Every structure is written in C-alpha cells, then in structure tokens.
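Below is one structure, written out as structure tokens, with a few remarks after it.
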Amino acid sequence: MESKFIFEISTPLGFSVRCTSSYWVFISTEKHPVMKDKIEEVKQALSNPDEIRISKKDQNVFLFYRGEHPRWIVAVAKKEDGYGFLITTYPTDIIKVGEVVWKK
C-alpha cells in the first residue's frame with residue numbers, strides 16, 4: 001500500500017528529503033513520540049539547518065542539526081538515487097562526531 005508524502009523538502013545539499021504520512025506516524029508514535037507535534041521543526045531542520053554532518057557509518061546518511069546549545073533537533077536522512085528519505089528525527093543535546101559538510 002502506497003502512502004502519500006507528508007512532505008518533500010529541499011535541502012542545502014541540493015537534494016530533497018521525503019517522508020510519507022505513514023512513516024511520520026511511525027516516527028512520531030513509535031520511535032520518538034516527543035516529536036509528535038514537531039513536523040514543522042523537522043522541515044526547518046532539513047531546509048534551513050545550522051549545520052549538516054555525514055554519518056560516520058554511512059556516507060549516504062546526513063544529519064541535519066537545527067537549534068542551539070544545549071538543545072537541537074536532528075533530522076537524519078539517507079540519499080539514494082538522487083532523493084533523500086527521512087530515517088528518523090529526535091531532540092538531542094549532543095552533536096555527533098562526523099564530517100561537517102555544510103554550516104550556516
């Protein structure tokens with residue numbers, strides 16, 4: 001069953017990140033319920049981040065950080081075939097180690 005995209009956001013890295021409505025429900029109810037009412041903040045983290053890092057584990061996974069010390073929202077997205085998809089998102093007080101590929 002195909003689920004429509006709840007958003008498709010352009011990133012500063014030149015690709016768009018998509019998320020289906022059913023996957024957003026999974027993230028915001030199962031994985032990180034604290035993000036339930038934070039979809040606009042996630043979209044802002046993707047479109048207007050403070051910095052973007054590459055995952056140390058996968059060169060196609062990017063961590064989009066928005067906020068300021070001691071609290072950021074991170075949106076984690078994977079780029080495949082020219083598009084990105086949201087893997088997860090959560091609030092954090094630690095920016096993970098990884099190469100900075102973009103900074104505001």
Output the qualifying pairs, or none if there are none: Cβ atoms under 6 angstrom, residues six or more apart or on different chains, first residue in the stretch 38-57 and under 10 Å from Ala75 (Cβ atoms) and touching a residue at least 24 places away in the same chain (Cβ under 8 Å), second residue surrounded by fewer than 16 Cβ atoms within 10 Å (Cβ to Cβ) and not acidic (Asp, Glu).
-> Ile52/Val101; Ile52/Trp102
Return yes when Thr11 is in contact (Cβ under 8 Å) with a residue 24 or more places away in the chain, β-branched (Val, Ile, Thr) and closer than 26 Å to Ile94 by Cβ and no when it is not.
-> yes
Does Lys79 qualify as being on the phi < 0 side of the Ramachandran plot and in a strand (DSSP E or B)?
-> yes
Return the only residue of Ile9, Ile27, Ile95, Ile52 being among the aliphatic types (A, V, I, L, M), out of contact with any Asp or Glu (no Cβ under 6 Å at 6 or more places or on another chain), assigned to a loop (DSSP other than H, G, I, E, B) and surrounded by 12 or more Cβ atoms within 10 Å (Cβ to Cβ).
-> Ile95
Can you confirm whether the stretch 66-73 contains a residue that is under 17 Å from Phe7 (Cβ atoms) and either of a type outside the set (D, E, K, R) or assigned to a helix (DSSP H, G or I) (or both)?
-> yes
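Computed from the coordinates by the stated procedures, all read-outs in this text should not be read as laboratory data. What you see is a predicted model; the values in this text were computed from it and never measured. Every residue, glycine among them, receives a Cβ derived from its backbone with ideal geometry; neighbour counts consider all protein chains shown.
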